[in-house]
1. Looking at 219, 230, can you tell me which residue is over 33 Å from the mean Cα position of the chain (by Cα), in contact (Cβ under 8 Å) with a residue 12 or more places away in the chain and in a loop (DSSP other than H, G, I, E, B)?
2. If we scan region 612-631, do we find a residue that is at pLDDT below 65 and either open to solvent by less than 30 Å² (accessible area, probe 1.4 Å) or more than 30 Å from residue 476 (Cβ to Cβ) (or both)?
3. Against the definition (aromatic (Phe, Trp, Tyr), farther than 19 Å from residue 142 by Cα, open to solvent by 30 Å² or more (accessible area, probe 1.4 Å) and assigned to a helix (DSSP H, G or I)), how does residue 257 come out, yes or no?
4. Tell me which residues, restricted to region 1-17, are more than 17 Å from residue 62 (Cα to Cα) and either over 36 Å from the mean Cα position of the chain (by Cα) or of a type in the set (Asp, Glu) (or both).
5. Can you name every residue in region 634-647 that is surrounded by 15 or more Cβ atoms within 10 Å (Cβ to Cβ) and either modelled with pLDDT under 85 or not polar (S, T, N, Q) (or both)?
6. Taking only pairs six or more apart or across chains, which ones have beta-carbon atoms under 8 Å, a first residue in region 466-479 that is on the phi < 0 side of the Ramachandran plot, and a second residue that is surrounded by fewer than 14 Cβ atoms within 10 Å (Cβ to Cβ) and not basic (Lys, Arg)?
7. In the set 512, 526, 508, 481, which member is hydrophobic (A, V, I, L, M, F, W, C), out of contact with any Pro (no Cβ under 8 Å at 6 or more places or on another chain), farther than 30 Å from residue 572 by Cα and open to solvent by less than 70 Å² (accessible area, probe 1.4 Å)?
8. Being within 14 Å of residue 643 (Cα to Cα) and either open to solvent by 50 Å² or more (accessible area, probe 1.4 Å) or not in a strand (DSSP E or B) (or both) is the filter here, so list the residues in region 549-568 that pass it.
Amino acid sequence: MLVAEDEVDHQRAMTEVIQGLGHQAAVAEDGWAALVAATHHRPDLVVADVDMRDMDGLQLCRALHEDPALTGIPVVLVSGLVRPGDPRLSASGAVATVGKPCDAEELAATLAYHLGGGPARAAPMELPPVIPQFLEAMVHSVDVGMAACDTAGRLTVFNDFLRDFFGDASAAVPIKEWTDRFGLRHHDGSPLQTDELPMIRALRGETVVQAGLLAADQRGRQRWLRINARPVYAGETVIGAVAAVHDITVEYRSRVYRACKSEVLRALAESPDSVAATDAVVRIVGSTLGWPYVRLWLVDPVTDRLRPAAHYTAPGRPELPMPTSLGRGQSLAGVCWERGDMVWVPDIHAPDSPVLPEIAAAANYRAGGAIPVRSGDRIAGVMTYFTYEQHEPEPSLVLLLAGVVDSVGAYREQRRADDLARNLAATTDEYIALVGHELRTPLTSITSYAELLAESPELTADLRDLVEVVCRNGRRLHELVGQLLDLAALDAGHSVLTVAELDLGDVVDTAVGQVVAAAEARDITVETRTSGSLALAGDAGRLTQMLHGLLDNALKFSQDGAIVTVTATGDDGTVTLTVTDTGAGLPAGELPHLFRRLYRGDNARHRGVPGNGLGLALSRAIVEHHQGTITLGAHRPRGTAVTVRLPRRMHTASP
């Protein structure tokens, strides 16, 4: 076989398909090269891309048919631009057209059909003549639609599958009238032109593979169909066409349902608040599932009634009158709330329909349904919808809707928890600020007077020791209050960074210099290792404060004579700072809690390590204000490693 294709990847894919059928493949990069190759060595079949430079696939096909030595070579066209049914395809004389990018199975099936099963096929079996009654019984027994027509478009075969779908009277409708008579459309809902019908295309000599078609059955249900059609020849003359019709509704809807759920989850992840999230979810459900009207009701905890929260109306569709609230058992949403289960309404105009009469009368919708929105073990709301087509509660749709509304319920529960956490954090900050300010003034007075008293020459040695205890603890409380207020200001966004260009190496030198005396007093060595450029934009004072806190922790948890190491490295976009010690390490179960304010681990309390549980919380706040990350982990074989990663440039304004 000869492949005429100018894209290398497509050449390779087509060649693999041809070789998989047991044939050899020659490749030409354009139409002219293919024509020359066919002249020197006549191929059994040509696969040609419609869109090629110099000579495209359509021109190549015509050139082959016009050459007496090459006419009769079957040509399969591959096209991503020319739609099936385009007059240029039938005029070119191609035997079939395959969409691009190629589906390997579709291409293989098309080539195998036109090659007659390959060059080395066995001789056919001698079969007895087919008895017409047997053939008729077979045609009407298969679970696939089967039809045939003559050149005038009159149906000569129309099996029971198609009669059950379209009705008995449809067998008398000429093929050319089917588009208008039955409202046939493409899979995406766009109108289907008469010359695009698979059997019309087959009557023009085209082999149609897996054409998509959307139709409504006798009950008004939308069904997605896939059709294969081919011409019937008597010698060189087309005398009719046959078609096989497959109902792929379940497969098609499964893809749509998966896409709907993915879009809902993406919207929930990207929405800034609950209002935007619910609006997005309702719109996505309505637009992807083809439902012209969707409404979300939420339970009002004060009145214990359903109130509208969001709704979607398809463009050009009328708005519906809706009550401001619904009670249990009232209208479609209220019935769903009361039952705690999905409600399907095949006919909203039926006497036993739960839909309020004024709502049913306001639009010509046919069917509807409702799904409870759960939040934990309670029902937090109901999603209702209306459609023009009747549908049944198929399992895949039930699972999709349950998953969507459960995601909405979980999202609202998480947002509620986040709001409570933020409110709690804000209240805690306000309380700490209030208490801190109230404590700072008396502590300042106590510490000042105690220091003055300690300088008095009249104090005895015992009293002086007592006063020193008061001064020492007063300073400690004063430092604690200062850290609490500093942390509250950082968390609340009241403390603004003073950002300037700096070298993190200078920050390391400054912070190490602040702890070197305490380290030497315990014979602890503080090593520094730097490499690469350490330039970044940040607040030098805050970064020094952060590193000082990490070094202070490392010293506290290290034994006398130990080594504490500070490593700073830089790459293209970040600067990484690591502080390691060889102390007792951290229990794995405590790692998630160590950055909480005022939290102290068991090892610190049991060993009497001094501290107030604010150092790591302050370091975390400073790093996050620089849009960096801070993590704790084990330092092998013993100790703890704290890693800070800072961007060289903050992508937004600092808090």
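1. Only one candidate qualifies: 219.
2. Our first condition is that a residue be at pLDDT below 65; within region 612-631, this holds for 612-613.
Adding the requirement that they be either open to solvent by less than 30 Å² (accessible area, probe 1.4 Å) or more than 30 Å from residue 476 (Cβ to Cβ) (or both) leaves 613.
Scanning region 612-631, I find at least one residue that is at pLDDT below 65 and either open to solvent by less than 30 Å² (accessible area, probe 1.4 Å) or more than 30 Å from residue 476 (Cβ to Cβ) (or both), so the answer is yes.
3. No.
4. Taking region 1-17 first, the residues more than 17 Å from residue 62 (Cα to Cα) are 1, 6-17.
Result: 1, 6, 7, 9, 16.
5. Answer for region 634-647, where residues must be surrounded by 15 or more Cβ atoms within 10 Å (Cβ to Cβ) and either modelled with pLDDT under 85 or not polar (S, T, N, Q) (or both): 635, 639, 641, 642, 644, 645, 646, 647.
6. 478/444
7. 481
8. If the condition is that a residue be within 14 Å of residue 643 (Cα to Cα) and either open to solvent by 50 Å² or more (accessible area, probe 1.4 Å) or not in a strand (DSSP E or B) (or both), then 549, 550, 551, 553, 554 are the ones that fit.
The values are calculated or read from the model by the stated rules, or taken from the named source; none is laboratory data. Computed from a prediction, not measured in an experiment: that's the story for all the values here. Cβ: placed from backbone, ideal geometry, glycine included. Neighbour counts: every protein chain shown. Note: accessible area is taken over every heavy atom of the protein model, side chains too, but ligands, DNA and RNA are not part of it. Shrake-Rupley method; radii C 1.70, N 1.55, O 1.52, S 1.80 Å.
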